[in-house]
Amino acid sequence: MDASITTLPFPAIGEGPRARTRVDHKNSEEAALVRRVQARDEMAFREVVERYQSKVFSIIFGILRNRNDAEDIAQQVFAKVYFSIKNFDFRSSLLTWIYKITVNECYDYLRKKRVRKLVYESDFSQEDAQRMEASEPAIDGSVPADTRLAQRDLILKLLSKVSEEERSLILLKEVEGHSVEELAGMTGLNENTIKVKLFRTRQKLLRAAGRLTRTR
Amino acid sequence: MHREIRDHIEDVLAGSQPVSRPAPFEGRPSEAILQDTREHLAQCNECRAEVSDMQQQTALIRELRAPEGFATDLRPGFYARVMERIEAEGPISIWNLFIESAFGRRIAVASLSLALLIGAYLVTSERSAEESLLALESQQVTTEQMIVAGEDAPAREITRVDQSPTDQSSEDAVLANLVTYREQ
């Protein structure tokens with residue numbers, strides 16, 4: 001990683017809203033819905049699909065940047081939800097559980113297609129790259145699309161080096177923007193555990209990046 | 001990384017926001033914490049370097065967000081397509097794990113090969129056991145015949161019966177037979 005950045009920007013001052021309420025995942029409205037799905041109530045399953053389909057789709061698209069594949073994988077995610085929901089133990093929120101399945105499916109897809117070396121080598125055309133560049137301006141306006149694609153490829157590769165739980169947690173934190181307190185509520189773990197897990201994940205990612213740089 | 005930074009790394013990273021969009025739900029750390037971390041980072045090169053790496057890494061991870069304004073509308077009939085897939089796939093059985101994944105297939109092939117090897121070993125070892133049993137039986141029969149035939153013969157004739165002194169089991173069998181025969 002570029003070590004040229006030495007000045008650290010700091011956050012704005014003041015206390016933002018913090019969700020400190022521990023959610024009881026066993027007695028929520030969502031739990032009732034899950035129990036209906038576990039009892040093979042199709043209407044309940046339809047509700048789950050309709051409630052989370054956009055979220056799942058956007059998570060997949062964020063990782064893969066391919067609309068057709070994203071829809072295909074989204075279908076696979078909900079099929080997996082349908083078959084596995086009997087194993088859902090209410091320790092986390094349904095969204096957290098679905099999120100984990102979604103990320104795993106994305107990584108299964110990447111593994112199967114063996115496109116992690118350069119994710120877009122085969123699927124991503126020049127036209128797609130231009131469209132992406134136009135729709136998503138670069139941070140400083142100077143990073144070309146291919147560099148950003150290579151960076152995305154790198155981070156996907158690094159994320160494959162940590163466990164499923166660590167991957168989901170860091171993505172929920174950084175991609176979905178949930179706070180430590182929210183993550184604690186969503187996963188049923190306490191805040192300190194979340195902080196420790198996140199810190200270890202970050203260190204693992206740095207070590208993996210170091211190893212990757214040395215082997216290149 | 002030192003503890004004063006490690007304990008508040010999430011606050012530091014949440015506040016750094018080196019990407020185009022802020023984390024939407026993130027709370028903000030208190031001024032006292034920020035002041036402490038700021039002072040420490042100003043003095044500690046090691047922590048500063050590691051925090052800098054983590055900031056860049058965080059910026060890369062945040063690039064995995066779907067683009068702002070991304071249309072999350074799926075094509076109509078998504079639920080129907082999900083149900084079609086569910087019907088096509090059927091319930092997941094333990095066999096799917098072996099059939100569907102490459103690793104599972106390898107395990108299945110390896111298990112099958114091992115089972116075949118064990119089976120082949122058992123069959124061949126059983127055969128050789130049967131053969132040696134038959135050989136022993138035939139040897140016993142011969143011995144008995146010789147004993148019957150040589151009842152009145154001098155003792156040296158009987159000693160000839162023990163033609164395979166190396167075979168302890170056949171020697172035992174002969175002695176047992178001899179004892180039984182004399183008792184009768």
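The values are calculated or read from the model by the stated rules, or taken from the named source; none is laboratory data. This structure is a prediction, so every number in the text was calculated from the model and none was measured. Positions of Cβ are backbone-derived with ideal geometry, glycine not excepted, and every protein chain shown enters the neighbour counts.
Tallying residues that are modelled with pLDDT of 85 or more and on the phi < 0 side of the Ramachandran plot within segment B:76-106 yields 12.
Tell me, yes or no, whether segment A:133-151 has at least one residue that is within 17 Å of B:GLN56 (Cβ to Cβ), facing chain B (nearest Cβ under 8 Å), modelled with pLDDT of 90 or more and over 15 Å from the mean Cα position of the chain (by Cα). No - not one qualifying residue is present in segment A:133-151.
The condition (being modelled with pLDDT of 60 or more, in a loop (DSSP other than H, G, I, E, B) and among the β-branched types (Val, Ile, Thr)) is satisfied by just one residue among A:VAL48, A:VAL34, A:VAL56, A:VAL23: A:VAL23. Only one entry of A:LYS204, A:LYS197, A:LYS157 meets the criterion of being at pLDDT 90 or above, in a helix (DSSP H, G or I), within 12 Å of chain B (Cβ to nearest Cβ) and under 16 Å from the mean Cα position of the chain (by Cα), and that entry is A:LYS197.
The set of residues in segment A:54-73 being under 19 Å from B:MET83 (Cβ atoms) and facing another protein chain (nearest Cβ under 7 Å) consists of A:SER54, A:PHE57, A:GLU71.
Somewhere in segment B:30-44, is a residue at pLDDT 80 or above, at the interface with chain A (Cβ under 7 Å from one of its Cβ atoms), part of a helix (DSSP H, G or I) and buried (at least 16 other Cβ atoms within 10 Å of the Cβ)? There is at least one residue in segment B:30-44 that is at pLDDT 80 or above, at the interface with chain A (Cβ under 7 Å from one of its Cβ atoms), part of a helix (DSSP H, G or I) and buried (at least 16 other Cβ atoms within 10 Å of the Cβ). Considering (1) surrounded by 19 or more Cβ atoms within 10 Å (Cβ to Cβ); (2) under 23 Å from A:GLU165 (Cβ atoms); (3) at pLDDT below 85, say which one A:ALA74 fails and leave the rest. So A:ALA74 meets the others, but not (3). Among what's in segment A:160-174 and is part of a helix (DSSP H, G or I) and more than 11 Å from chain B (Cβ to nearest Cβ), pick the residue that is nearest to A:GLN203 (Cα to Cα). By that ranking, first place goes to A:GLU166. Screening the candidates A:ARG202, A:ARG211, A:ARG167 for the property of being under 17 Å from B:MET54 (Cα atoms) and out of contact with any helix residue (DSSP H, G or I) (no Cβ under 6 Å at 6 or more places or on another chain) yields one hit, A:ARG211.
Considering (1) over 23 Å from B:PRO67 (Cβ atoms); (2) modelled with pLDDT of 90 or more, the lone condition that A:ILE98 does not fulfil carries the number (1).
The lone criterion from (1) within 18 Å of B:ASP7 (Cβ to Cβ); (2) away from chain B (no Cβ under 11 Å) left unmet by A:GLY188 is number (1).
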